[in-house]
1. Could you look at segment 10-136 and say what percent of its accessible area is carbon and sulfur, using a 1.4 Å probe and all protein chains?
2. Would you grab the residues whose amide H sits under 5 Å from the one on Leu379? Only those 5+ places off in sequence or on another chain, please, with H modelled 1.01 Å from N.
3. Using 0.36 nm per residue, how much length does the chain from Arg247 to Leu379 gain when fully extended, once their Cα-Cα distance is taken away?
4. At 1.4 Å probe size, with every protein chain present, just tell me what the per residue accessible area of the chain comes to in Å².
5. Can you give me the % of accessible surface on segment 283-407 that is carbon or sulfur? Probe 1.4 Å, all protein chains present, nothing else counted.
6. Please identify the longest segment of the chain free of exposed trypsin sites (Lys or Arg not before Pro), where exposed means a DSSP state other than H, G, I, E or B and no more than 14 other Cβ atoms within 10 Å.
7. Output wanted: per-residue J couplings in Hz (rounded whole) for segment 45-59, from phi through Karplus 6.51 cos²θ - 1.76 cosθ + 1.60, θ = phi - 60°, x for Gly and Pro.
8. With +1 on each Lys and Arg Cβ and -1 on each Asp and Glu Cβ, how big is the dipole of segment 73-162 about its Cα centre, in debye rounded to the nearest 20?
Amino acid sequence: MTVDTPSISTAPSLQSMQSARCFLPYPPAPVPHATAPLPLSGKRFAVKDIFDVAGYPTGCGNPHALAASGIKAATAPAVQAWLDAGAVFAGKVVTDELAFSMNGKNAHFGAPRNGAAPDRIAGGSSSGSASAVSNGLADLALGSDTGGSVRAPASHCGLIGMRPTHGRIGLEGCMPLSPGFDTCGWFARDMPLFAAAGAALLGEDSQPLPALPRMLFAADLLSELDPDVQGAVSKQFQRFAPCGLDRPAPVRALLQPADDLYWAFRHIQGWQAWQSQGAFIRAHGLQLGPGVKERFVWSSGLSAAQVEPHLAVQRDFRARFEDLLGRDGVLVLPTMPNVAPLASQREDALDDYRNQAIRLLCLAGLSGCPQISLPLMRLGGIPLGLSLVGPRGSDNSLIALAARLMP
């Protein structure tokens, strides 16, 4: 049975696709999909250009990588799962360069437009994916999330977006950045379609949530944010009782000093990113854009000995966070520290915002837990996501819980 939600049944106009600046102008190639009535029949989806699609190159947001790619002969399993569920491939979309950014500005291919706030950044690195859905050019979009690359643009563009349990969805046929954190995520505008798309990717939960999970909120993280953000989150707690859920109880979510977790994430991510991409960068002399270049330069100087203490911090945090959630706990927190910055902001200001965001986003990354961002808040008319983080293996039931909170 197909999902009974409105779909984009025909290809958008060339003008609308060009104005959103999210689709890559690759020559079209046939991408077969299942045609029987299926859960995603007729739904159009975009694919972040780090996933292979047979008949297309995989450019990874960099001209050298695009030139070296060649035309792929096989489609990544995550993409194929949606094709097998009846969805129609709409095209490949821009990614931040080598997926190592969170701003949605690609120095080579431009900045995809935020469909919910056109004067603000879409966020990255799944910028094109979020842009395609928020501008109504696709029903669904596939992205990846290492440090927040689905959750950040979902919050900025007013979409539902999810980082699943680490390792839950296979990443064969996908460019690696930091394998210890890399995940396959996705975007949609409405929950029934989002859930159906997730079902095609996730399989059965290994640790489903109970019907009445313990709702918790990250009081320590919330207290560090702007009063307007604190007020918006607190107002959302009014949603819980009508849904049969207890008001979230305050807990300390960091469990270790914020700086320790921030630097643990940065060091592990940077070390793994250089192991994944450093040889290619050096061999081809890649000309990297602002921000991405500096991150890879910093990463290239890390040693295994420097990273080992940070891996110990991660192991300790993961054990503590598992104890906090148990098998029935769900943590509530804002997805991002604030609404999307203006696109006109300087690179250094955007980097400051990214560093602040990592302190929120690293919880799921370090723990391997699933996190879903819901478009439930607005500040000054600009979207801000509210997130739920559940135990590892609870992805489908976390989506079902999120559906109860959606209007």
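The values are calculated or read from the model by the stated rules, or taken from the named source; none is laboratory data. All figures in this text were calculated on a predicted structure; none of them were measured in a lab. All Cβ positions, glycine included, derive from the backbone under ideal geometry; neighbour counts span all protein chains shown. Only protein heavy atoms, including side chains, enter the accessible area calculation; ligands, DNA and RNA are left aside. Shrake-Rupley method; radii C 1.70, N 1.55, O 1.52, S 1.80 Å.
1. That fraction is 60 percent.
2. For Leu379, the qualifying residues are Leu384.
3. Taking Arg247 through Leu379 to full extension adds about 45.3 nm, to one decimal.
4. That works out to 37 Å² for each residue.
5. Within segment 283-407, the accessible surface is 54 percent carbon and sulfur.
6. Result, exposed sites excluded: 1-251.
7. 9, 9, 10, 4, 7, 10, 9, 6, 10, 4, x, 10, x, 10, x
8. 160
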